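*Asks:* First, the structure itself, so that you have it in front of you.
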Amino acid sequence: MAHPYHHALSSVKKWGGTVEDYLAIHSWFDASKQITADFRHRALRHHAEGIFMAETIFGTTITLSTGRVIPTRWVGEQHVQEDLGFIPSFADWVRTIRPEPWMGRAQRLELQVDPALAAASTEAA
């Protein structure tokens, strides 16, 4: 796995500036390593929606130390492409999740909130 620093070096090579100009964005993409320290961390932000989320967080553009302005999305696209070879959708990641029974268990919240519904449900049973 590439470190955010190495992604930032790659950004410098592409667009100029300094490592510090890019490090916050690349670190944000890889912050999910705090949750799971293997490639699965990428499911959280390494997709098209994650790239747009980075744009929301860091702004539409960033101004490099050289004064050059580049789209934040370019940096996100570069990061994801370097790690995965392409930009998947979030749906691409979700399709690979094996459903487990606990994922679909839900309690009927309305029965917990409305005593009248709970009583009617009990009588119907």
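We did not get these values from a lab; they are worked out from the coordinates using the rules stated. Keep in mind that what you see is a predicted model, and the values were worked out from it rather than measured. With ideal geometry, Cβ positions are generated from the backbone for all residues, glycine too; neighbour counts draw on all protein chains shown.
*Asks:* Which net charge results when you count Lys and Arg as +1 and Asp and Glu as -1 among the other residues whose beta-carbon is under 12 Å from that of S65?
*Replies:* Numbers: positive: R68; negative: E20, D21.
With Lys, Arg at +1 and Asp, Glu at -1, the net is -1.
*Asks:* Then there is this: Could you tell me which of V12, T63, S32 has its Cα farthest along the dipole of the chain towards the positive end, charges placed at Cβ (Lys, Arg +1; Asp, Glu -1), taken about the Cα centre?
*Replies:* So the residue furthest toward the plus end is V12.
*Asks:* Would you mind getting me the FRET efficiency between M53 and L9? Use the beta-carbon distance for r and R0 = 30 Å, nearest 0.05. Could the numbers behind the result be given before it?
*Replies:* On the way: r = 23 Å, r/R0 = 0.78.
The pair M53/L9 has a calculated efficiency of 0.80.
*Asks:* I'd like the orientation of helix 4-15 relative to the chain: the angle between its Cα long axis and the longest Cα principal axis, in ° from 0 to 90, rounded to 10.
*Replies:* So the helix axis and the longest Cα principal axis differ by about 50 degrees.
*Asks:* Can you tell me the relative contact order of segment 4-124? Whole percent, Cα pairs under 8 Å, sequence separation 6 or more. Let's see the in-between values first.
*Replies:* On the way: 114 pairs, mean separation 25.2, N = 121.
Relative contact order here is 21 percent.
*Asks:* Rounded to the nearest 500, what is the 222 nm mean residue ellipticity of the chain from helices alone, with -39500 (n - 2.57) per DSSP H run of 4+ residues and division by all residues? Present the calculation step by step, with values, prior to reporting the outcome.
*Replies:* Details: 8 runs with 72 residues, N = 125.
About -16500 deg cm²/dmol.
*Asks:* Mind computing the radius of gyration and Dmax over the alpha-carbon atoms of segment 4-124? Å is fine for both.
*Replies:* Looking at segment 4-124, its Cα Rg and Dmax stand at 21.2, 73 Å.
*Asks:* Given 0.36 nm per residue, what is the gain on full extension from W74 to E100 after removing their alpha carbon distance, in nm?
*Replies:* Values: separation 26, 0.36 × 26 = 9.36 nm, distance 3.62 nm.
Fully extending the segment from W74 to E100 adds 5.7 nm.
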